[in-house]
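The values are calculated or read from the model by the stated rules, or taken from the named source; none is laboratory data. All values derive from a computational prediction rather than experimental measurement. Cβ atoms come from the backbone with ideal geometry, glycine included; neighbour counts cover every protein chain shown.
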Amino acid sequence: MRVAIAGGTGFIGKALTGALLERGDEVWIITRGAAGAPYNSASKLKTVSWAQLSENPHLAEGLDAIVNLAGESINQRWTPAAKTRIMQSRLWAAEQVAKLIDALQIKPSVVINASGISAYGISETELFDEDSPTAVTDYLSEVVRSWETAADAIPADRLVKLRIGLVLARDGGAFPLMLLPYRLFGGGRVGSGRQGLSWIHIEDMTGLILFCLDNPNIRGPVNASAPDPVTNDAFGRAIGRAFGRPHWFPVPAALMRFLFGEMSTLLLDGQRALPKRALEHGYIFRYPKIDSALQALAGNSDDRKPT
C-alpha cells in the first residue's frame, strides 16, 4: 500500500510511519516546508511538500490512502493568536487534501482525517459513542466541529474521521508531562478528579489507523480511544500503581486556571467515549484497560488482556 501522511513528522505520525514501514508499505511524508530528497532513495520512505503537490499533483497519482494528522499543537497557552493558528492549521490541511484529491485522475480509496473526542462536548456523567450527537460546549469542541466540516468536503470514496483521545506513550505527547508530578512524588487528582478521560495507548493508536486503512467497511466517525475511559482521579491512581508512586497531592482547579488560562480545560474538563465502531468491526485492543497500558509504559510485567 502507498500511504501519504500529512503531519507525518509529529508524535502520532512518526509512530504510524514506523508501523507502515514495518509491514512493508510505502510512505510519503507531506510537509509544509521545502521537501528535499527522500530520506533514503533505496527505502520506501519519501518526502514531498504541499507546494510540490500543488504544482505537480500527478506526483500523488497511485496513492492508495492519505492520512491527515496535521495541525498546530493544542498544548500551548491559548492566546487569541494561538487559537487562530490551532483552528486555521486544521482547516488548511483538510482543504489541501481536498484540493489534491480533486486534481487526481485516480483517487486514493480512503482518507483518514484526524479529529478529536471533544466532538461530544463536556460531560462528567455521559458515555459517548459514534452514534451520540456532537455538541459545541467550548473552544475545543468548536475546533473539532469546524475540522470535521472541512473534512466532509474531501472528495474521498471512503472518509474516516478519527476522533482521537489522549494518546499514551513513554516518549512524546502529553503523558510524560502528566507523569512528571508522580516522578517527583507530588501526583494527585486535578480539580474535582471526576472529569472523564478517554485515552489510547500509542500501539493501539497506530494499530487502529492500520485497521481503518485495511477495512473497506469502516467509514465516518471512529472513536480512537480504549474501551476503558476513566476519571482523572482513577487515571492518577493507575499511574501511581504502575510507577510505584503515591497519589495524594490534589491540585486545585483555581491554580490550574491561573497557570494555564483557558487551556486548563484540557485537564479540568473531559468526556468518556467508547470505541463502538472499532469494536463492532472486530478491532482487538492490545491495551484495553488503563492498568495494562500504564504498566506497559512503566516497563513492568506484561498483563495485557485483549477484549
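Please work out which residue is farthest from Leu210 (Cα to Cα), limiting yourself to the stretch 79-130 and to residues that are among the β-branched types (Val, Ile, Thr) and over 16 Å from the mean Cα position of the chain (by Cα).
The selected residue is Thr79.
Out of Ser141, Ser146, Ser115, report the one residue that is under 15 Å from Asn68 (Cβ atoms), of a type in the set (S, T, N, Q) and in a helix (DSSP H, G or I).
Ser146 is the lone residue from the list that is under 15 Å from Asn68 (Cβ atoms), of a type in the set (S, T, N, Q) and in a helix (DSSP H, G or I).
What number goes with the only condition from (1) buried (at least 20 other Cβ atoms within 10 Å of the Cβ); (2) more than 12 Å from the chain's Cα centre (by Cα); (3) of a type in the set (Val, Ile, Thr) that Ile209 does not pass?
(2)
Which of the residues that make up the stretch 239-256 are over 15 Å from Gln195 (Cα atoms) and within 26 Å of the chain's Cα centre (by Cα)?
Passing the criteria: Ile239, Gly240, Arg241, Ala242, Phe243.
Could you tell me which numbered condition Glu95 fails, if it satisfies all but one of (1) in contact with a Pro (Cβ under 7 Å, 6 or more places away or on another chain); (2) at pLDDT 95 or above; (3) farther than 25 Å from Leu279 by Cβ?
(1)
Answer yes if at least one residue in the stretch 127-138 is in contact (Cβ under 8 Å) with a residue 40 or more places away in the chain and touching a Pro at 6+ places or on another chain (Cβ under 7 Å), and no otherwise.
Yes, because at least one residue in the stretch 127-138 is in contact (Cβ under 8 Å) with a residue 40 or more places away in the chain and touching a Pro at 6+ places or on another chain (Cβ under 7 Å).
What's the total number of residues in the stretch 123-134 that are modelled with pLDDT of 95 or more and over 19 Å from Arg277 (Cβ atoms)?
0
Out of the stretch 145-186, which residues are touching a Gly at 6+ places or on another chain (Cβ under 7 Å) and farther than 27 Å from Val111 by Cα?
Listed by number, the residues that qualify are Pro181, Tyr182.
Test Met256 against the stated conditions and say whether it is touching a strand residue (DSSP E or B) at 6+ places or on another chain (Cβ under 9 Å) and crowded, with 16+ Cβ neighbours inside 10 Å.
yes
Yes or no, residue by residue, for (1) modelled with pLDDT under 95; (2) more than 16 Å from Leu266 (Cα to Cα); (3) β-branched (Val, Ile, Thr):
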residue: Leu162; (1), (2), (3): no, yes, no
residue: Gly165; (1), (2), (3): no, no, no
residue: Leu177; (1), (2), (3): yes, no, no
residue: Arg189; (1), (2), (3): no, no, no
residue: Gln195; (1), (2), (3): no, no, no
residue: Met205; (1), (2), (3): no, yes, no
residue: Phe211; (1), (2), (3): no, yes, no
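Considering only the stretch 256-283, state which residues are out of contact with any helix residue (DSSP H, G or I) (no Cβ under 9 Å at 6 or more places or on another chain) and free of Cβ contacts under 8 Å to residues at least 60 places away in the same chain.
Within the stretch 256-283, Leu259, Leu279, Glu280 qualify.
Any chance the stretch 72-84 includes a residue that's touching a Lys or Arg at 6+ places or on another chain (Cβ under 8 Å), buried (at least 18 other Cβ atoms within 10 Å of the Cβ) and touching a residue at least 60 places away in the same chain (Cβ under 8 Å)?
No.
When you check Ala103 against the structure, is it surrounded by fewer than 16 Cβ atoms within 10 Å (Cβ to Cβ) and in contact with a helix residue (DSSP H, G or I) (Cβ under 9 Å, 6 or more places away or on another chain), yes or no?
yes
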